[in-house]
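The values are calculated or read from the model by the stated rules, or taken from the named source; none is laboratory data. Here the structure is a predicted model, which is why all the values come from computation and not from measurement. Ideal geometry is used to build each Cβ from the backbone, glycine not excepted, and the neighbour counts take in all protein chains shown. We work out accessible area using only protein heavy atoms, side chains counted, and drop any ligands, DNA or RNA first. Shrake-Rupley method; radii C 1.70, N 1.55, O 1.52, S 1.80 Å.
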Amino acid sequence: MTLMKRLTFIAIMLSALISCTKNEIKEEIISRHEDGSRKETFCYQIKDGEKVYVRETWYYMEGMKHLDGPIENGKRNGKFETYYKSGRLLSSGEFVDGAREGEAAVYYENGNIHYEGNYKNGKECGVWKFYHEDGKLYKEVNRDLR
């Protein structure tokens with residue numbers, strides 16, 4: 001490898017390293033459980049000298065993840081999920097500019113759906129379906145927005 005190729009390779013590697021470091025995501029602990037373990041955290045990047053939060057995560061005292069989802073412009077934006085202590089999915093739903101929007105579902109710990117429905121502008125709307133733990137539908141409720 002010629003000297004020029006080596007220098008070009010080194011320059012590319014240094015540039016990649018610097019850009020990765022510049023966009024590095026760091027965790028900030030917002031609150032702690034009584035035993036000192038992390039409870040609520042926000043992940044952030046430094047952009048133009050400012051902290052920009054990109055993710056919100058909550059933890060059970062035992063260390064397992066309880067809630068997780070993306071942050072944009074200081075608000076919940078995107079898919080948020082909550083979990084049982086076992087790690088199984090408890091609920092899933094979308095947020096737009098901090099308000100619930102679109103499909104949402106809550107699950108029994110056995111994985112079967114407990115109830116599901118939709119949100120519009122942060123309010124329940126349309127038909128919500130409720131199920132027994134064995135998966136059988138037992139109720140439908142129409143939550144019309146008027």
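When restricted to residues that are touching a Ser or Thr at 6+ places or on another chain (Cβ under 7 Å), under 19 Å from Lys79 (Cβ atoms) and open to solvent by 40 Å² or more (accessible area, probe 1.4 Å), region 24-57 contains 1. For region 117-132, a residue qualifies if it is surrounded by 14 or more Cβ atoms within 10 Å (Cβ to Cβ) and either under 21 Å from the mean Cα position of the chain (by Cα) or not in a strand (DSSP E or B) (or both), and the qualifying residues are Gly117, Asn118, Tyr119, Lys120, Glu124. The residue of region 1-18 that is modelled with the lowest pLDDT, among those that are among the polar types (S, T, N, Q) and surrounded by 10 or more Cβ atoms within 10 Å (Cβ to Cβ), is Ser15.
Matching residues to (1) under 17 Å from Arg38 (Cα atoms); (2) of a type outside the set (S, T, N, Q); (3) touching a helix residue (DSSP H, G or I) at 6+ places or on another chain (Cβ under 6 Å); (4) open to solvent by less than 60 Å² (accessible area, probe 1.4 Å):
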{"position": "Lys65", "(1), (2), (3), (4)": "yes, yes, no, no"}
{"position": "Pro70", "(1), (2), (3), (4)": "no, yes, no, yes"}
{"position": "Asn73", "(1), (2), (3), (4)": "no, no, no, no"}
{"position": "Glu81", "(1), (2), (3), (4)": "no, yes, no, yes"}
{"position": "Arg88", "(1), (2), (3), (4)": "no, yes, no, no"}
{"position": "Gly98", "(1), (2), (3), (4)": "no, yes, no, yes"}
{"position": "Glu103", "(1), (2), (3), (4)": "no, yes, no, no"}
{"position": "Tyr115", "(1), (2), (3), (4)": "no, yes, no, no"}
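Residue-wise test of (1) in contact with a Pro (Cβ under 6 Å, 6 or more places away or on another chain); (2) among the β-branched types (Val, Ile, Thr); (3) open to solvent by less than 40 Å² (accessible area, probe 1.4 Å); (4) part of a loop (DSSP other than H, G, I, E, B).
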{"site": "Ser91", "(1), (2), (3), (4)": "no, no, yes, no"}
{"site": "Phe95", "(1), (2), (3), (4)": "no, no, yes, no"}
{"site": "Val106", "(1), (2), (3), (4)": "no, yes, yes, no"}
{"site": "Glu109", "(1), (2), (3), (4)": "no, no, no, yes"}
{"site": "Asp134", "(1), (2), (3), (4)": "no, no, no, yes"}
